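Each remark here refers to the structure printed beneath this line.
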Amino acid sequence: MTGKQGNAGSEGLSGWGGMRLHWRLLWTLVFNSLIAAFLTTIGYGGTLAVNMAFSQCIGLSIFVMLELVPFRRLEGGRLVAGVATAVLIGALAGVLLALLVTGVADERARAPVTVFLQTVVIALLFGGIAGYYFFSRERLLRARTSLQEQELRRVEAERDRAATELRLLRAQIEPHMLFNSLAHVQSLVDTDPERGKRMLGYLIDYLRYALVHAREPRTVLGDEIRLLESYLAMYRIRMGERLDYTLEVPDALAAEPVPPMLLQPLVENAIKHGIEPLVAGGTVHVAAGVEAGVLWLSVRDTGQGLSDTGGGTGVGLANLRERLAALYGQRARLAIEACPDGGVLARLELPREGA
């Protein structure tokens, strides 16, 4: 019998809001005991023992009916009818069982029908209260489940969109990087073969990361920094002494999970809009750290500032903001601000996974 109730309970009133079977049974026994005590207190029925027997027989019969009927398959009026039918059958069966167990009908042989009908009415009254409670819980749970499913679909859609935007971002960056870098390597073949060889090596390292790791939903900060090292090294060969860079990332954060291609758009933006336009060039400084359980990543340049960059509203930064919103919602933050001594600071704040 236990196995049947367990299986049916999963299809029944959604397990009374997800409550386990043994807890549902315990609360039913407690509710039945309270009814028996109440009836004894007002002087209805017999002794506490007799009232307890009636209450438990009726309450457990209704409990079994509510557990066995597959209410999840019912909607609207059919759900109401199903609950009412379960309560009615459970109440009648419980009354007959209680009369048989206690022998009350034999003791009151002069009015067995009256005793039976009175007991049925009381059973239906309290059974109806219980049925209404379970019905209300079922409707509430269904509404909550529907909202959760809608939210899950929304989150999955936003993650799919973020993944699509990441692929589009790679499609924009990789050909641009590949063609420009190969063109520069070609120009160095005759003039400076050694530099051309070094640049080709950096390009291979960059593409190895971009074509493999960037296809995963998560990478680690150490791999992201290695990508930037290859990227900045290539630009250093192209720009010469006009570009300098520093990477200040603690070794303890190398295994920190982060979305792929997170810092590369910020570094590209710093070089393209901040350093390259200046004849004297400048420096790009990449750093990372943890504050109050938040992982922060920053890219700072000593370039020409925000005056000609539109305040950090380029396509790459817009895509990055949308990716962060899809992955983290309001828990992530990207701030772009001018530095007092010149240049721009881009700072990312991400919630640490598992924190």
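The values are calculated or read from the model by the stated rules, or taken from the named source; none is laboratory data. From a predicted model like this one, the values you see are computed outputs, not experimental measurements. Counting neighbours? That spans all protein chains shown, and the Cβs are built from the backbone with ideal geometry, glycine included.
Looking at the structure I just gave you, is M239 part of a loop (DSSP other than H, G, I, E, B) and either more than 28 Å from S187 (Cβ to Cβ) or at pLDDT below 90 (or both)? No, not satisfied. For P217, the conditions (1) of a type outside the set (A, V, I, L, M, F, W, C); (2) at pLDDT below 75; (3) part of a helix (DSSP H, G or I); (4) surrounded by fewer than 17 Cβ atoms within 10 Å (Cβ to Cβ) all hold with the exception of (3). Inside the range 26-67, residues that are surrounded by fewer than 18 Cβ atoms within 10 Å (Cβ to Cβ) and either under 48 Å from the mean Cα position of the chain (by Cα) or of a type in the set (F, W, Y) (or both) make up a count of 10.
The single condition from (1) hydrophobic (A, V, I, L, M, F, W, C); (2) under 26 Å from the mean Cα position of the chain (by Cα); (3) modelled with pLDDT of 90 or more; (4) closer than 28 Å to V212 by Cα that M261 fails is (3). In the set Y235, Y231, only one residue is of a type outside the set (D, E, K, R), touching a Phe, Trp or Tyr at 6+ places or on another chain (Cβ under 6 Å) and in contact (Cβ under 8 Å) with a residue 12 or more places away in the chain; that residue is Y231. Within the range 291-324, how many residues are of a type in the set (G, A, S), modelled with pLDDT under 85 and either within 24 Å of G222 (Cβ to Cβ) or touching a Cys at 6+ places or on another chain (Cβ under 6 Å) (or both)? Total meeting the criteria: 1.
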